[in-house]
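The values are calculated or read from the model by the stated rules, or taken from the named source; none is laboratory data. Just so we're clear, the structure is a prediction, and the values are computed from it rather than from any experiment. Cβ sites come from the backbone with ideal geometry, for glycine too, and all protein chains shown count toward neighbours. For the accessible areas, the whole protein counts, side chains as well, though only heavy atoms, and no ligand, DNA or RNA atoms are used. Shrake-Rupley method; radii C 1.70, N 1.55, O 1.52, S 1.80 Å.
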Amino acid sequence: MAAEIERKFLVKAGWQPQDEGVRIAQGYLSSVPERTVRVRIKGDKGFLTVKGRNEGIRRLEFEYEIPCADAEALLKLCEQPLIEKTRYLEEVGGFTWEVDFFAGDNVGLRVAEIELPAEDTPFEKPEWAGQEVSGDARYYNSSLIAHPYCLWKTRP
């Protein structure tokens with residue numbers, strides 16, 4: 001059984017990526033909290049991912065590479081709007097941080113995630129990582145479809 005243990009932080013203003021990143025388009029065939037089914041095109045590869053309900057910072061996750069043409073066709077079946085973002089990778093203290101700069105209806109949102117082997121694993125928090133939002137459902141990609149960042153009345 002696959003488990004994802006992830007912590008999520010807002011990215012402080014002023015942080016700049018060191019490379020051009022990779023563009024991601026993703027959509028949800030199901031965005032209900034009990035089970036999300038995501039289709040993603042990351043660069044030139046397609047993926048199908050099934051995730052279970054969050055239990056703190058842990059949840060079940062199963063991800064499979066699929067042909068990019070299949071991912072493109074499946075994105076047309078997904079809930080709208082699609083999530084658009086560019087992902088940058090940062091190595092800090094032996095861990096890879098994924099830093100996402102959102103576009104489209106979520107432009108302006110910048111989130112950094114770190115995947116950990118266990119919930120109590122210590123890690124170095126970089127100075128550009130701001131407020132932790134791991135338990136805040138507003139920041140789940142699946143939530144950003146129904147409630148995009150551009151419609152939030154209060155933003156951090």
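Packing around the peptides 135-143, 59-67, taken as the average count of other Cβ atoms within 10 Å per residue, puts them in this order, highest first: 135-143, 59-67. Around the Cα centre of the chain, unit charges on the Cβ atoms of Lys, Arg, Asp and Glu (plus for the first two, minus for the last two) sum to a dipole of about 600 debye.
Computed in the context of the full set of protein chains, the accessible area of region 70-119 at 1.4 Å probe radius has 50% of its extent on carbon or sulfur. Near the amide H of S30, within less than 5 Å, lie the amide hydrogens of V37, all on another chain or at least 5 residues away, with H placed in the peptide plane. Remark: region 54-124 carries 55 Å² of accessible area per residue (probe radius 1.4 Å; ligands, DNA and RNA excluded). Listed here are the pairs K12/K45; K51/K153; K51/K76; K12/K51; K125/K153; which of them are more than 25 Å apart at the Cα? Violating the 25 Å limit, Cα to Cα: K12/K45; K51/K153; K12/K51; K125/K153. Taking a ≥ b ≥ c as the square roots of the Cα gyration tensor eigenvalues, region 17-95 comes out oblate, since a/c reaches at least 1.5 and a/b does not exceed b/c. Ordering G46, P122, N141 by Cα displacement along the dipole of region 43-156 toward the positive end leaves N141 in first place; charges were set at the Cβ atoms of Lys, Arg (+1) and Asp, Glu (-1).
Summarising the label geometry, the points placed 7 Å from Cα in the beta-carbon direction at A73 and D120 lie 4.8 nm from one another. Over the chain, dividing the summed -39,500 (n - 2.57) contributions of all DSSP H runs of at least 4 residues by the number of residues returns a 222 nm mean residue ellipticity of -1500 deg cm²/dmol.
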